[in-house]
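Have a look at the structure below, then the notes.
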Amino acid sequence: MALAKRIIPCLDCDKGRVVKGVKFVDIRDAGDPVEVSRRYSDAGADEITFLDITASHEHRDTTIDTVRAIAGQVFIPLTVGGGIRKLEDIRAMLNAGADKVSINTAAVIDPEFVRAAAERFGSQCIVVAVDAKRVSAADEAPRWEIFTHGGRKPTGIDAIDWARRMVDYGAGEILLTSMDRDGTKIGFDLELNRAVSDAVSVPIIASGGVGNLEHLAQGVIEGHADAVLAASIFHFQEYTIQEAKAYMASRGVEVRE
Amino acid sequence: MNKIAVIDYGMGNLHSVAKALEHVGRQADQAVEVVVTPDPGEIAVADRVVFPGVGAIRDCMAEIRRLDVGSMVEQAMQEKPVLAICVGMQALMRHSEENGGVDCLGFMDGEVRFFGSDLRDEDGRRLKVPHMGWNEVIQTTDHPLWQGVADRSRFYFVHSYYVHMHRAELIAGSSHYGAQLVAAVADKNIFATQFHPEKSQTAGLTLLRNFLSWDGQG
């Protein structure tokens, strides 16, 4: 008897529609977020992550309406990210029915924001999204830095130090994305995952690069992830959530049936 | 009309629990009215009361005291079915170790303890805190709220502090994460869960549906 490792389909949304880009370009449309969420919940997804990739202020209300609609029909945990910059943004998302919010750029601009958010709303609902890119040369010890703005903007901050600091400030979970792997379908950056997971006390969600079910299992077994996140392999029905769970169970990973 | 009052003291995701109750009411073809309210009058006339809670205990207790939620809960506990969820359950206990130690309502004889920063499983592997995700719940008593829920069903948990009850006979469900933890408590007309039934899909919705028709008898 143990806590199950979680499988989390991720909905990248733009103006209320689910999209998933390959390396953030070449975006394809995979449907209505409420419909997609319900489908995943019925199929046994353990959580849903909703990332608002536009996150511009004029579309804020669309996002809140979508979150409210999902939360009214889907009774599994829901994390919302994208454009979370102020305590009021967090309150609005939680009031709309989100269970957790994911903070990315705003944490880099003002790390104290994470502390204030965790103090106000509790660590359990504060996820810090860490977008990391390998910056070491092939013959060096591996080193990763965090990037913002969808992986375009370097910060010079070491990813492992940053994850530790965010946990000290009250992050209850880390959503770790390898920017090198995102959209490539060649698997997680397992070294990165393991390094961050072993460095912090809170759960890690591995993200970026899933192309098949073995990648999901590797994320847990070799990457020491507590949860695995994927988008395109589920959106385009290459694999179902149930197939993913059955495969992980066959590799000895505890999952929710 | 079955009227359910969800006590709103500004802490946490009340939308979800209200929506889940409405959803199971529809499924059961029951006329259910769910109100999310801090108003003692509304709570007094409800048929059933939900005492939720999310976040840090110090802030929760501060709001509970400021709005006198304690007397609303105490009143409800004397006369109708009450469901306490997560920090709502913890707030019923005597004391919590969170935030350097906080006195809680003391309606139940239990303590809220920290999992610790070096939590390990039986094989010595480190366990992450918060305890976040789906864990099995062993039903330690027969209870109307467990009806139709398979023993050892998984429910969704998210917490860093857990309840220890001094009277084991009040424990209705237990779970394990480095330590034995109280997953559910049943005492007369009150049922309390550490997990979130409103986020626990089929198992959780079944429990909520049972709550809608529960008469408050063990």
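A few comments on the model shown:
- Selection count where residues are surrounded by fewer than 19 Cβ atoms within 10 Å (Cβ to Cβ), within 20 Å of A:Gly122 (Cβ to Cβ) and at pLDDT 95 or above, scope the stretch B:79-104: 4
- In the stretch B:39-55, residue modelled with the lowest pLDDT [restricted to those that are in contact with a strand residue (DSSP E or B) (Cβ under 9 Å, 6 or more places away or on another chain) and assigned to a loop (DSSP other than H, G, I, E, B)]: B:Val54
- Only one entry in A:Ala163, A:Ala206, A:Ala116 is open to solvent by 10 Å² or more (accessible area, probe 1.4 Å) and either within 14 Å of another protein chain (Cβ to nearest Cβ) or within 21 Å of A:Ala98 (Cβ to Cβ) (or both), namely A:Ala116.
- Some residue of the stretch B:176-198 being farther than 30 Å from B:Ser117 by Cβ, touching a Gly at 6+ places or on another chain (Cβ under 8 Å) and not in a strand (DSSP E or B): yes
- One residue alone among B:Leu105, B:Leu14 is of a type in the set (A, V, I, L, M, F, W, C) and away from every other protein chain (no Cβ under 14 Å), and that residue is B:Leu105.
- Filtered residues of the stretch B:120-157 (kept if modelled with pLDDT of 95 or more, closer than 16 Å to A:Leu3 by Cα and in a strand (DSSP E or B)): B:His131, B:Met132, B:Gly133, B:Trp134, B:Asn135, B:Glu136, B:Ile138, B:Arg154, B:Phe155, B:Tyr156, B:Phe157
- Some residue of the stretch B:54-70 being within 14 Å of chain A (Cβ to nearest Cβ) and touching a residue at least 60 places away in the same chain (Cβ under 8 Å): yes
- Taking every residue in the stretch A:48-59 that is modelled with pLDDT of 70 or more and pairing it with any residue that is part of a helix (DSSP H, G or I) and buried (at least 18 other Cβ atoms within 10 Å of the Cβ), at least 6 positions away or on another chain, the pairs with Cβ-Cβ distances below 6 Å are A:Ile48/A:Ser37; A:Asp52/A:Thr63.
- The stretch B:13-38: number of residues that are assigned to a loop (DSSP other than H, G, I, E, B) and touching a residue at least 40 places away in the same chain (Cβ under 8 Å): 3
- Per-region count, the stretch B:107-148, residues out of contact with any Gly (no Cβ under 9 Å at 6 or more places or on another chain) and of a type in the set (Val, Ile, Thr): 1
The values are calculated or read from the model by the stated rules, or taken from the named source; none is laboratory data. Being a predicted model, the structure only gives us computed values, none of them experimental. Backbone-built Cβ (ideal geometry, glycine too); neighbour counts: all protein chains shown. The protein model used for the area step is the full one, side chains on, heavy atoms only, and it has no ligands, DNA or RNA in it. Shrake-Rupley method; radii C 1.70, N 1.55, O 1.52, S 1.80 Å.
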